[in-house]
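The values are calculated or read from the model by the stated rules, or taken from the named source; none is laboratory data. Just so you know, these numbers come straight off a predicted model, no measurement behind them. Every residue, glycine as well, gets a Cβ built from its backbone with ideal geometry; the counts of neighbours run over all protein chains shown. Note: accessible area is taken over every heavy atom of the protein model, side chains too, but ligands, DNA and RNA are not part of it. Shrake-Rupley method; radii C 1.70, N 1.55, O 1.52, S 1.80 Å.
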Amino acid sequence: MSRTIVPADYRPPRGLSNRHVQTLLPRLLPRRRLARNTEILNLPDGDFVELAWLRQAPRHDDAPLFILFHGLEGSLDSPYASELLWSAQQAGWRAVMMHFRGCGQAPNRLPRAYHSGDTADAYWVIGQLAQRYPHAIKVAAGVSLGANMLVKLVAEQGGDGLDLAGAIAICAPLDLAASADALNSGFARVYQRHLLRSLKRKVMAKMAQGPMPIALSPHQLKELDSFWAYDNEVTAPLHGFSSASDYYRRASAGRLLGDIELPTLILHAADDPFMPGDLFDRLPTPSDSVRVEIARHGGHVGFLEYRRGGLRSWLGRRVAEQLNDWAALGSAASGQAMPSASRSDS
């Protein structure tokens, strides 16, 4: 095992180690209700994204800034979003989440939407926030689709191409073709069906408004029953790819792990039902700027632990620890190099 890949310290509660239990249980537990302010940020191509800012933010402009990118069809209402943003806020950070196009409170303007390798919007948003808060330490985190996107972005931009002190990727499907295969097998088809239903509903609504640049009728759209089929017939033509295979190859961030220069923490569960168990055996060795923590259990964005008399999010705790570590290294604010993501107990 590469020295950049280490075991995570996550331990599931007794009886709750099953990967599907971990994946589904957060949706059944009470969620934090976070007061937010919504900002519409216009993009260069005429579309927009919605930013959800947590209220009760630090008053000083140089307070550290936490930027979150959600997963496929996620939003501020996703269980992990509220936990991660709340954890950052409790650690003294200004917290904001970028909703991908069409995932906020209003549909986006253009026929295109977003995809796993679409880094342009995140790059634009980070640049805008850099102008707004030039003296603040900034850390970005991504979950699932947003994690793959973020890993691809930091690899593309190098160590000084983004005003970020570090990046955190949670449950990133770094090999999109392998993830599409995993989601088309066994019980994981339940997740695939749920996500496809949400995606197709949005495309159907746009079809009703006018012509779309895809060669599908509404009936044909309904019949698409796998990510391979959907991405081949919808995602690829909408976003400039020749096929699902072309999209998966070009958008997967795993092939770029060795190129990352920005301090990056990747949190992963070996039993994640959204991807193969040997994911990191398929990928290049990560660079020395990367720390990969792999837990035996955790499911897909689950990682529930028993703490303080109840079920809590280990992800929120681990991310807060990393934010505290990076916040203590003020050299990032002046653009100096920072050490890779690390744990004080390692």
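Please enumerate the residues belonging to the stretch 147-177 that are over 25 Å from Leu329 (Cα atoms) and either among the aromatic types (Phe, Trp, Tyr) or open to solvent by 10 Å² or more (accessible area, probe 1.4 Å) (or both).
Residues satisfying the conditions are Pro173, Asp175, Leu176, Ala177.
Condition first: modelled with pLDDT of 95 or more, closer than 29 Å to Asp278 by Cα, in a strand (DSSP E or B) and among the hydrophobic types (A, V, I, L, M, F, W, C). Can you find one or more residues in the stretch 42-58 that meet it?
Within the stretch 42-58, not a single residue is modelled with pLDDT of 95 or more, closer than 29 Å to Asp278 by Cα, in a strand (DSSP E or B) and among the hydrophobic types (A, V, I, L, M, F, W, C).
Tally the residues that are assigned to a helix (DSSP H, G or I), in contact (Cβ under 8 Å) with a residue 40 or more places away in the chain and in contact with an Asp or Glu (Cβ under 6 Å, 6 or more places away or on another chain), restricting the search to the stretch 119-168.
1
Is it true that Gln89 is within 26 Å of Ala251 (Cα to Cα), open to solvent by 20 Å² or more (accessible area, probe 1.4 Å) and not in a loop (DSSP other than H, G, I, E, B)?
So Gln89 fails the test.
Any idea which of Ser313, Ser334, Ser243, Ser344 is modelled with pLDDT of 95 or more, more than 26 Å from Pro26 (Cα to Cα) and either open to solvent by 10 Å² or more (accessible area, probe 1.4 Å) or under 19 Å from the mean Cα position of the chain (by Cα) (or both)?
Only one candidate qualifies: Ser243.
Find the residue count for the stretch 92-113, including only residues that are hydrophobic (A, V, I, L, M, F, W, C) and part of a strand (DSSP E or B).
4
Hey, can you tell me all the residues within the stretch 290-304 that are open to solvent by 30 Å² or more (accessible area, probe 1.4 Å) and assigned to a loop (DSSP other than H, G, I, E, B)?
Once the filter is applied, which keeps residues that are open to solvent by 30 Å² or more (accessible area, probe 1.4 Å) and assigned to a loop (DSSP other than H, G, I, E, B), the stretch 290-304 yields Arg296, His297.
Among the candidates Ile170, Ile126, which residue alone is aliphatic (A, V, I, L, M) and over 15 Å from Arg291 (Cα atoms)?
None of the other options fit; the residue is Ile126.
Report every pair of residues separated by at least 6 positions or lying on different chains whose Cβ atoms are under 6 Å apart, first residue within the stretch 96-107 and more than 16 Å from Thr119 (Cα to Cα), second in a strand (DSSP E or B).
Val96/Leu51; Val96/Trp53; Val96/Ile67; Gly104/Glu50
Taking the options Pro12, Pro26, Pro58, name whichever one is within 18 Å of Lys138 (Cα to Cα) and not basic (Lys, Arg).
Every option except Pro58 fails the conditions.
Identify, from the list Asp271, Asp225, Asp259, the residue that is farther than 29 Å from Asn108 by Cβ and open to solvent by 30 Å² or more (accessible area, probe 1.4 Å).
Checking each option against the conditions leaves just Asp259.
Would you mind finding the one in Ser116, Ser82, Ser17 that is polar (S, T, N, Q), open to solvent by 40 Å² or more (accessible area, probe 1.4 Å) and either closer than 28 Å to Leu195 by Cβ or not in a loop (DSSP other than H, G, I, E, B) (or both)?
Ser17
Which residue out of Leu51, Leu28 is surrounded by fewer than 12 Cβ atoms within 10 Å (Cβ to Cβ) and assigned by the TED database to the domain that holds Asp121?
Leu28
Restricting the stretch 56-79 to residues that are of a type in the set (A, V, I, L, M) and crowded, with 24+ Cβ neighbours inside 10 Å, which is farthest from the chain's Cα centre (by Cα)?
Leu65
Mind listing whichever residues of the stretch 278-289 are open to solvent by 60 Å² or more (accessible area, probe 1.4 Å) and in a loop (DSSP other than H, G, I, E, B)?
Asp278, Arg282, Thr285, Asp288, listed by residue number.
Please go through the stretch 207-240 and give me each residue that is under 25 Å from the mean Cα position of the chain (by Cα) and under 24 Å from Ala120 (Cβ atoms), ordered by number.
Matches in the stretch 207-240: Phe227, Tyr230, Asp231, Asn232, Glu233, Val234, Thr235, Ala236, Pro237, Leu238, His239, Gly240.
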